Amino acid sequence: MCGIVGVVGNPNTTEILLSGLKKLEYRGYDSAGIYVNNQEGHDALIKRTGKIVNLQNAITNADQGLSGIGHTRWATHGEPSQSNAHPHFSQDRRFYLVHNGVITNFAELKQEYLRDVPFQSDTDTEVVVQLIAYFASTEHLNAQQALQKTLQLLEGSYAFALMDRQEPDKLFIAKNKSPLLIGLAKGFNVICSDALAMLDQTNTFMEIHDGELGVLTKDHIQLFNLEGQTIERQSYKVEMDADDVSKGTYDNYMLKEIDEQPAVLRRISEHYYHNEQASISSQLLTALQQADRLYIVAAGTSYHAGLVGKQLFEDLADVPVEVQLASEFGHHLPKLSAKPFFVFLSQSGETADSRQVLDKVRQLDCPTLTVTNVANSTLAREADFALPLCAGPEIAVASTKAYVAQIAVQAVIAQSLGIQKGLNAAKKIDIDNQLSLAANAIQTIVDQKDYLKQLTHDYFYNQIAAFFIGRGNGYATALEAALKLKEVSYIHAEGFAAGELKHGTIALIEEQTPVVAFVLEKSTAAHTRSNVKEVLSRGAHALIISKKDLSNANDQIVLADIDERLMPLVAIVPAQLFAYYAAVEHGNDVDQPRNLAKSVTVE
């Protein structure tokens, strides 16, 4: 959710911090701030609520430094306000701290150690920086020692960047369950919660793992565990160009990412297919084959992709599948099968709810796979196996191309597993070719933007509610379509299994209520059309999205035919564009919708 950046050893620190924070805007935030120090006795703390431009406008030419830290905040403890914005500082103004995550025992620590300390904010973060100052003062510790002692007392999640006015040429960092990276630049070093923030400075990064802390100067990096023992770690290159995160000629990232979906499917084919069979490791396929049940764990859009994946795995690999919401599963672990295998779907690879589940199932010695868009993310590192989505950077908060990529990669895995098991169903489908057909079909849709924009106006303008219905994969698509619309347009939207309308929900249908129906599978097409007639008789304004060989003359959107199990790849795209154009027509911030964050790193 929140974003962290830091620089040590560069005279353009203020500009680098602001640039990095702007690149993290997509993660969601309600305030932002920076602290800079010129290492010659002058420093500055600037914080503002709202957009980063408010912070930028408050910075003067005098607010420059050789080192500094910056932060975008998404409120957890305390309302969005300037006093609650980061960086936070100690009572003696010696220490300055930015923090992602949630400290669960902050109240107890405040009561035990800091009863007499006046606080400037309502945040858990200020408790931490005051605690560091307390130990530095009472036990005569340096910054590293005081930070280390504090870390040993904390419970919860954190990524910290700390500065000490007595050692302004150093950055002190620590991590537990929240993302943080070190960037190695020429003549200086940086930190960031997402590599995208610093790609214009370096493409060489170093991981810091949970339970570690680090000390950075402009030309040196040291990592330690919480007992103070030194840790050695190699750096790695991020194979991504800074231009990949540019909007180019687009007004919004969301539209750019919708348009990129055909290219994403082709990139997945290129990555996974080098001959007739996909290049999935034999170790992963063997582990999957030994499982008696797959548990797909995800949240939000990824959960909807998992619902589509369930049918792919069951049909092509003949293995039972459960799809679980990470936030529920982590606290209500059901009775597992004898040989479970866990698949984690996550765009960011940092989803806190999924990480909680991963930690629990690892303790049970269950094999795990993460499918993510971020190769060096925590979920990818900590699972037994990891596979990339190959979607490229996704900046808009509302996920589009990562969703399509998750379905596609699950199809690749499912078919590969089925072939390994010798199943005819898997042998009969050419996933590589189907992805190519889906790419062409999506391209046909995105080339009809004017028509889809007009449909959006006709069906969703001045509406306060909308419904999406379908059966089978059409139902899974309806759930994702409704989520997209509500995320960015703020129209109340719900997805329903079409057959369930008559069991209560049809009471909500009023004159001109938009109802979008997905007709995607032969076995239920007639039933879904019957459900459409039911809502039409109650005055609904119905729109049908159908597969070509199941279409009727009056269907508003007809999709090119591909295998039924992969139709959600194509069917979701009109709904993505409905959401986009509805948001634009309402004047909303399409890429950064209110109250939402791209990477949800708190439980």
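The values are calculated or read from the model by the stated rules, or taken from the named source; none is laboratory data. What you see is a predicted model; the values in this text were computed from it and never measured. With ideal geometry, Cβ positions are generated from the backbone for all residues, glycine too; neighbour counts draw on all protein chains shown.
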From K401, K428, grab the single residue that is of a type in the set (K, R) and in contact (Cβ under 8 Å) with a residue 12 or more places away in the chain. K401
Out of curiosity, is L452 surrounded by 14 or more Cβ atoms within 10 Å (Cβ to Cβ), in contact with a Leu (Cβ under 8 Å, 6 or more places away or on another chain) and not small (G, A, S)? yes
Across segment 105-153, the tally of residues that are aromatic (F, W, Y) and over 20 Å from E79 (Cβ atoms) stands at 3
Failed criterion for P320 (all others in (1) in contact with a helix residue (DSSP H, G or I) (Cβ under 9 Å, 6 or more places away or on another chain); (2) surrounded by 22 or more Cβ atoms within 10 Å (Cβ to Cβ); (3) over 27 Å from Y29 (Cβ atoms) hold): (2)
Selected residue (only one of A438, A482 is crowded, with 17+ Cβ neighbours inside 10 Å, within 31 Å of the chain's Cα centre (by Cα) and in the same structural domain as I413 (by TED's automatic domain parsing)): A438
Unique match (being part of a helix (DSSP H, G or I) and either surrounded by 13 or more Cβ atoms within 10 Å (Cβ to Cβ) or not aliphatic (A, V, I, L, M) (or both)) among Q145, Q120: Q145
What number goes with the only condition from (1) touching a residue at least 60 places away in the same chain (Cβ under 8 Å); (2) on the phi < 0 side of the Ramachandran plot; (3) surrounded by fewer than 17 Cβ atoms within 10 Å (Cβ to Cβ) that N10 does not pass? (3)
Condition test on E487, is it touching a Pro at 6+ places or on another chain (Cβ under 6 Å) and either more than 18 Å from K310 (Cβ to Cβ) or part of a helix (DSSP H, G or I) (or both)? yes
Scan segment 179-189 and tell me whether some residue there is part of a strand (DSSP E or B), of a type in the set (V, I, T), more than 19 Å from I4 (Cβ to Cβ) and not assigned by TED's automatic domain parsing to the domain that holds A391. no
Breaking point among (1) outside any helix (DSSP H, G or I); (2) buried (at least 19 other Cβ atoms within 10 Å of the Cβ); (3) out of contact with any helix residue (DSSP H, G or I) (no Cβ under 6 Å at 6 or more places or on another chain), for N552: (2)
Tell me, please, whether a residue that is touching a residue at least 24 places away in the same chain (Cβ under 8 Å), outside any strand (DSSP E or B), surrounded by fewer than 24 Cβ atoms within 10 Å (Cβ to Cβ) and of a type in the set (K, R) can be found in segment 577-594. yes
Would you say Y272 is in contact with a strand residue (DSSP E or B) (Cβ under 8 Å, 6 or more places away or on another chain) and crowded, with 18+ Cβ neighbours inside 10 Å? yes
What is the residue count in segment 360-381 for residues that are modelled with pLDDT under 90 and surrounded by fewer than 22 Cβ atoms within 10 Å (Cβ to Cβ)? 3
